[in-house]
1. Which three lengths, in whole Å and largest first, does the stretch 43-84 cover when its Cα atoms are put on their principal axes?
2. Using a 10 Å cut-off around each Cβ, can you sort Ser60, Ser27 from fewest to most neighbouring Cβ atoms?
3. If you take every residue apart from Gly86 with its C-beta less than 13 Å away from the C-beta of Gly86, what net charge results, scoring Lys and Arg +1 and Asp and Glu -1?
Amino acid sequence: MATARVECAPTPTDACKVPNWTVQNISVTYSNDTYTPGSATFNVTNSVTSQVETITCPLSFNTLCRLDSTPLDPTLGLYFQVNLGGGVISFNQTWTCETNNSMANPSLPSFVQGSGEFELACPEEVTEDMTCTGLTTGSLLVTGAVVTPIPEPPEIIEDEDQSEITQG
């Protein structure tokens, strides 16, 4: 997966900007055909880049959509799950912060993750190929949180007298 270069603040004491995502205009169309999945369409805005992307994805079993990347952002993956009353959306973005901070390790990219729930308005009568909508007048702010992977343990080297020396 590619690594996003996130804008950093001008001084090492300031933190890098962590992305949040705003979701709007959800439209879910269900399918009653075994071979044709339903679909979900929605808009996502990244708070760091201000990039707005319209996502359309097939719904496996009329309920699930998983994308490892989006057409405009190869570092952003998402998971979208719906039922007749609402759903949940989760984001996972590969994220690297380049600062002068000794804690930043470019060989260990972090991930920014977040999820949020939303409601869907559906017709009173459930029918084939019906469409439900959500967040048509408002929006859902999904707050990102940095998740740093655990680094590999240091290599253990034995010296001549068989005592262990840790490098790293």
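Every number here is computed from the coordinates shown, using simple stated rules; none is lab data. Small disclaimer: the values here were computed from a predicted structure and weren't measured. Reconstructed Cβ throughout: ideal geometry from the backbone, glycine too, with neighbour counts over all protein chains shown.
1. 33, 19, 12
2. Ser60, Ser27
3. In short, -2.
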